[in-house]
Amino acid sequence: MSARIEVRELSVRMRDRALVDAVAFDAPVAGFTAIVGPNGAGKSTMLRALAGIEPAASGMVLDDGVDLLALPRRARARIVALVEQDATTELALTGREVVRLGRTPYGSALGGGDADAEAVIEAALARAGAAAFARRDVTTLSGGERQRVLLARALAQQPRILLLDEPSNHLDLAAQLDIVRLVRELTAEGVTVIAAVHDLSLAAAHADTVVVLAGGRVAAHGATRETLTPELIHGVFGVRAEWTRNPLTGGPLLAIG
């Protein structure tokens, strides 16, 4: 496996406007890369393009030299999973049925052929904290509960690359910390996590590397502490920031005011 996922000149266009414009960065394998930027910077669009859901006008996403965007959809889904922000459904599916959809890339076209499905589904539900919602209709779940079910579906894909769009959206503080802990467990197991994060302090405290987007372009990328300088944050976000130390954990803390 390569030491990094390489995104090369990735662009997404709508008519004559570039939503994502020649984005290029490297994400360390088995690391946590946070995508940050103001609202409308192109974070969600870029994640959808990385997953091959949003058609890219140009560019590549290389994993060990293989362009993931050139793979058949089924093959790509065994490598990359995306948890979208505010994904909804009007279908009357239970939580377990939604999670089972994550096993689609592993079954045969006629059904069956996935001997590991039940064990993987159970493990995914438990790991995402969604076991209590397995028998409930997903249309009756709160936003945070539905987010956990969707995360479980992505885990059921057993991806090497997990893409998260605002993973703390709809979650309370305790649940947000649960997600951070899960991300760290996954990276320790070799999964590469790339997440769009609206909370700059959260990204600063936990991400190995960051990609700063502004207007669909990369304003900066690299190791978190070195990249998120007070000058860059003021220029991109228009706020003051200063690095300090978290009095509870002893880790780095980005104070914003």
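Observations, loosely collected:
- Number of the condition not met by L150 [criteria: (1) out of contact with any Asp or Glu (no Cβ under 6 Å at 6 or more places or on another chain); (2) in contact (Cβ under 8 Å) with a residue 60 or more places away in the chain; (3) in the same structural domain as A24 (by TED's automatic domain parsing)]: (3)
- Checked against the criteria, R135 does not count as buried (at least 17 other Cβ atoms within 10 Å of the Cβ) and either among the basic types (K, R) or not assigned by TED's automatic domain parsing to the domain that holds S44 (or both).
- Within the option set A49, A30, A56, being within 30 Å of V218 (Cβ to Cβ), among the hydrophobic types (A, V, I, L, M, F, W, C) and in a helix (DSSP H, G or I) holds for one residue only, A49.
- Taking the criterion of being closer than 18 Å to G107 by Cβ and touching a strand residue (DSSP E or B) at 6+ places or on another chain (Cβ under 6 Å), the residues of segment 120-165 that qualify are A154, Q157, P159.
- Matching residues, segment 214-250, being part of a loop (DSSP other than H, G, I, E, B) and not small (G, A, S): L228, T229, V239, R240, N246, P247, L248, T249
- Of all the listed residues (D67, D63), the sole one being among the acidic types (D, E) and either surrounded by 20 or more Cβ atoms within 10 Å (Cβ to Cβ) or not assigned by TED's automatic domain parsing to the domain that holds N169 (or both) is D63.
The values are calculated or read from the model by the stated rules, or taken from the named source; none is laboratory data. This structure is a prediction, so every number in the text was calculated from the model and none was measured. Note that we place each Cβ from the backbone using ideal geometry, even for glycine, and neighbour counts take in every protein chain shown.
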